[in-house]
1. Ranked by accessible surface with a 1.4 Å probe, highest first, in what order do C:H24, A:H158, B:H20 come?
2. Report the accessible area of D:H144, computed with a 1.4 Å probe over the heavy atoms of all protein chains in place, in Å² rounded to the nearest 10.
3. Please report, in debye to the nearest 20, how large the charge dipole of chain A is about its Cα centre when each Lys and Arg carries +1 at its beta carbon and each Asp and Glu carries -1 there.
4. Distances in nm, one decimal, shortest first, from E:T2 to the same residue in every other copy, taking the label point 7 angstrom along Cα→Cβ.
5. Nearest 500 deg cm²/dmol is fine: what mean residue ellipticity at 222 nm does chain F get from its DSSP H runs of n ≥ 4 alone, each adding -39,500 (n - 2.57), divided by its residue count?
6. Of all the residues in chain C, which one has the C-beta that comes nearest the axis relating C to A, and what is the distance in Å?
7. What does the charge count near B:R93 come to, summing +1 for each Lys or Arg and -1 for each Asp or Glu among other residues with Cβ under 13 Å from its Cβ?
8. Averaged across the residues of E:88-96, what count of C-beta atoms belonging to other chains lies within 10 Å of each residue's C-beta?
6 protein chains.
Amino acid sequence: MTRPSHRALDEKRPLKITRHFTCHAEGSVLVETGDTQVICTASVDNTVPPFLRGKGQGWVTAEYGMLPRSTGSRMAREAARGKQSGRTQEIQRLIGRSLRAAVDLTALGENTIVVDCDVIQADGGTRTASITGACVAMVDAIRHMQRVGDIASEPLQHLVAAVSVGIYQGQPVLDLDYAEDSTAETDMNVVMDENGGIIEVQGTAEGATFSRSEMDSMMALAEKGILELIDAQREALSGD
Amino acid sequence: MTRPSHRALDEKRPLKITRHFTCHAEGSVLVETGDTQVICTASVDNTVPPFLRGKGQGWVTAEYGMLPRSTGSRMAREAARGKQSGRTQEIQRLIGRSLRAAVDLTALGENTIVVDCDVIQADGGTRTASITGACVAMVDAIRHMQRVGDIASEPLQHLVAAVSVGIYQGQPVLDLDYAEDSTAETDMNVVMDENGGIIEVQGTAEGATFSRSEMDSMMALAEKGILELIDAQREALSGD
Amino acid sequence: MTRPSHRALDEKRPLKITRHFTCHAEGSVLVETGDTQVICTASVDNTVPPFLRGKGQGWVTAEYGMLPRSTGSRMAREAARGKQSGRTQEIQRLIGRSLRAAVDLTALGENTIVVDCDVIQADGGTRTASITGACVAMVDAIRHMQRVGDIASEPLQHLVAAVSVGIYQGQPVLDLDYAEDSTAETDMNVVMDENGGIIEVQGTAEGATFSRSEMDSMMALAEKGILELIDAQREALSGD
Amino acid sequence: MTRPSHRALDEKRPLKITRHFTCHAEGSVLVETGDTQVICTASVDNTVPPFLRGKGQGWVTAEYGMLPRSTGSRMAREAARGKQSGRTQEIQRLIGRSLRAAVDLTALGENTIVVDCDVIQADGGTRTASITGACVAMVDAIRHMQRVGDIASEPLQHLVAAVSVGIYQGQPVLDLDYAEDSTAETDMNVVMDENGGIIEVQGTAEGATFSRSEMDSMMALAEKGILELIDAQREALSGD
Amino acid sequence: MTRPSHRALDEKRPLKITRHFTCHAEGSVLVETGDTQVICTASVDNTVPPFLRGKGQGWVTAEYGMLPRSTGSRMAREAARGKQSGRTQEIQRLIGRSLRAAVDLTALGENTIVVDCDVIQADGGTRTASITGACVAMVDAIRHMQRVGDIASEPLQHLVAAVSVGIYQGQPVLDLDYAEDSTAETDMNVVMDENGGIIEVQGTAEGATFSRSEMDSMMALAEKGILELIDAQREALSGD
Amino acid sequence: MTRPSHRALDEKRPLKITRHFTCHAEGSVLVETGDTQVICTASVDNTVPPFLRGKGQGWVTAEYGMLPRSTGSRMAREAARGKQSGRTQEIQRLIGRSLRAAVDLTALGENTIVVDCDVIQADGGTRTASITGACVAMVDAIRHMQRVGDIASEPLQHLVAAVSVGIYQGQPVLDLDYAEDSTAETDMNVVMDENGGIIEVQGTAEGATFSRSEMDSMMALAEKGILELIDAQREALSGD
């Protein structure tokens, strides 16, 4: 079996992380995984949502959107339709949970970091690219907060990144692009930290079911890919 | 470690399936797992959504809701708030995918089955109970369609059921109730068919991450529980 | 003329009141009038709406909904459509006014009782059944407030109940079921207290108009029916 | 007891009907009852709503609104709030039912008359004034349809009008203005045709309940008032 | 070239300003320019919007609406559609900016004037008529505030009025009615104060573009028309 | 007077046009004017809106949005708020009108071009930059339609571009950035074609009014700037 992109089964797409992509946000990253491109901006707000007021902790949340023509055919603009789709809400909830798993909310103080993930070009894997890029933008925002004295201690506990794995033509593969994703038998998104600790697993059979041993194989691929992604995050963050 | 309910680690709550619960729907089931109670009704519509017209196949979809006081404190009514929450949409998308995995949509013909899952009392595990009950309601609707001649062949491929598993006080446990769910380190919802084929896995770390071996243990518990649930579905369906 | 249900002209359907139907609410009643089934839950909130703050009185309000397949053909879910219909709003305003007519709002203190009436099976008369059941749920909530010390005095002034009457094939009849309601010439909903004091009358001619003497006959039937309903409420409340 | 307006108990406010009030609508009436002023325009649409297509009958429907400063303090504009209140929907449903009771929908052919009732100044009784004015606007629209050949036969069966009655300081009174309405013990809106046939009765106890004999007295007042209103409609329609 | 209305090229339609048109508002004006009729009511609110709290200044804002049948064919009611059109929002923003240009917001104190402009009959130029009428209603509201002691100093700096100009059949013309507006090559709305100071210019080419010298000619016409309108405002305000 | 950017009074910011910026759209342009950056994508749809069906002509429309953190402080996401602001609607209507002024809609055939303008970084002048970039994206879409045979003739009549001018510290200046825009006395947006024909003028006094001679000076600056912008568009389109 040959993948449409001629990648090896355990080969992810090239990752490119551009920090300081736009000028206003405390953290701003353009993340590219192959042809998928997402702008991730992290904004600091020195308040917390009502349900956390006075509890001595902070909050991290995320919003997700796709530009109408980030995809092959134009999608209706959610702002014009007047509501976010179920898919959008599902994805932004996932990104938010993943980012919160990376930080000590108490060390954040009563501050909120909002990360906006806006897809400008889509070729599969937009939610996992968003998580990988959002983590870097969040780190930049945390560094900013430390510089300006918003926080004294270190809220960052570990980096997090995400990748999709799947069963494509009967084989477990790493990092599905759109050509694979749209015909894969199984699609699974995995979020892990830099120690291989699992934060989220969301696997869906499309057509055929999958077995526990296939799941094991996919998890092994995911771990390999995520550790590579986290190396790349670390490298991107090492410069300034 | 003792579970709040004094159940064994691999012991699910008692399941009760009441068919023909309300009189109008083609399939109507009250499913109870412990104190969690969900009314699942399956309605047959002899059309398909616009995106499927003329394609010679059917559709199965689901909607989910909670009565405002199904929970410990009253939640705002979604109809009054004017929109469904992200959680609601996420759950009803999950139920729909799970049910579609149980049927051959082509054998359904150009017909739609809509399954409504309305929680009247919640004690954890409402989404998995919904799937387990919805499958039975859907089977009753399919039987109805066969009786009235809407369909000639057999769309049902296998029964599906769902259960939650988690890490509670460091131990993998089966079928979390609200007391466990609200403090568990990890919560994972699993949907399988009667052959142990995996349809959906959604695992979320709450606080601590989980390891691949913990994931394996949870999957084994899920498989045990789901096969018990499917036995109970089969028994419920055997009477009339 | 024979009624479809073979009931006498002044004979209402059997009423069944099940208290403590669900476990979380301060008052929870399943009310059944014939095949019409409504879950009425009363929730206590120790605040009042903004327009009443600091005025030393409480509030009672109601919300109403129908499960999508409580009826012969499935109705769109109001939460999914994004708004409540005019009919729904009209009914919940009627239930709220009827319940407030049963209590001394000052004796409630600055507390609110919200009663949710959710129809799980409809066969005509859902709004009147809702009022009859909601009153019992509200009494249970008031008793709860007294037990926990939220209120010291007695807000309940009298029981209230409701019934529909109509002109069916030229004859005044009591308590229309769906078969009658859908073809009746006139449909009138009446809410009274246990002394026969009128709280609400809403009569609508469907097709032919009705005369003042027909209205008198319907009011007499309504009074007979409501006093029977209030007897049943009293009996249900006498146990515990 | 003296009424705030010094009117006799059975004396309605002066009614003024100005036809052809605006220039575009097929029927356009400014109706004034005392200080209450409502613009009623009837628009003809040569189609019917989807649920009536091909059934060989027409439809009459109504919409109601209040200008934000038609009242003593400014109300939020419903178009800006993004939804119509329950009260608005209740009123426009009432107006629509009342108008449909005046016509033979089959004789209308597959045409729709939409009557818009917009309150420009409110002093109590806006819904009943709307019905009284809307009926005249509808008649003008029907006459227009006959002139241009949209319909051949006569859909108008009788005129309809409406008035409020109530118990004010213990006495049944006719046609409550705002000063009375806001403190009345009971408020009842009655719609009748020119033969005294009852189309709608909606009575609500505010505070104290009312008895069947009080209801009789109010109905007698309503009949007197409505017959006077219909005389005025007839006179307004006699000129051109 | 002859204008459909036989007016001279620089001749505006007759203007009629009726103050105290409805009884509740602090300022209430019916403004008529030819067949265009708009009710403008100014309401005083002794608070300011959140973004101005504690800043020692007031606010003036406007809302705009059209009755559904103010136009040749009925438009859907914006309250029923659940949102205001882009055109409506654009117009109400324009009216608000124009009125704020007429007053010293600091002299208003922490008070808000809301002006509602509701078109009851439309024949072109509804937005400019709204501004002209709204200014008079606002002055009446300011006078009311001075009488009751809400403000001590004088917030009114100058009167403002507005008119449309355009290129119709190749000629610059003043004050387009609907017959001209719907076929004009260019349509330009101009708002000025009583000294000819420009507050807003909004010119749009419909079909052909326009030149800078045509723009000059239109501005000269606009200035002539607006100064005449302001004379009429002054006269209307001189009586009481 | 020195401008914050040290530009000459008649000096616009550097313009950069990057074509083929994203890969899916028929036209995709990143337009940068100084620090303002907008992604403009043109999508071809081989249908027309309902109001144009069967009329033998096409349509061009535009949508506009800002990424939440394109600005100095984060704005709420319009998709999450459930509606587009009045400002957004006003801008997208302006862009659409400007683009339609550039093409012969009949030559487009029954096709629609939708141009999405999404601001990723804002420093003043986002609506004028959007028009300038959108025109280039639209031309690329038209060239695509000609290549694939959607259209045979030439719909493009001339290029259009836009710039803002204003009165800043008493002086007319060209192309305001945010530092100027937020304190300018007057702000005017001008859209012209390559012959200096005016398509749109929108001038607003902020604080002080402006005179007709100031308006003339601003129009002269606008013409100079726009002709420079159109040269740059032409150059960008000359490559491929």
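1. These residues rank, largest area first, as B:H20, C:H24, A:H158.
2. Surface accessible to solvent at D:H144 totals approximately 50 Å².
3. In debye, rounded to 20, chain A gives about 680.
4. 6.4, 6.5, 8.0, 8.0, 10.3
5. -10000 deg cm²/dmol
6. Result for the C and A rotation: C:G82, 5.
7. Charge balance near B:R93 sits at +2.
8. 4
The values are calculated or read from the model by the stated rules, or taken from the named source; none is laboratory data. This one's a predicted model, so the numbers in the text were calculated from it and none came from an experiment. Positions of Cβ are backbone-derived with ideal geometry, glycine not excepted, and every protein chain shown enters the neighbour counts. Each accessible area value is taken on the protein alone, full model and side chains, heavy atoms only, with ligands, DNA and RNA left out. Shrake-Rupley method; radii C 1.70, N 1.55, O 1.52, S 1.80 Å.
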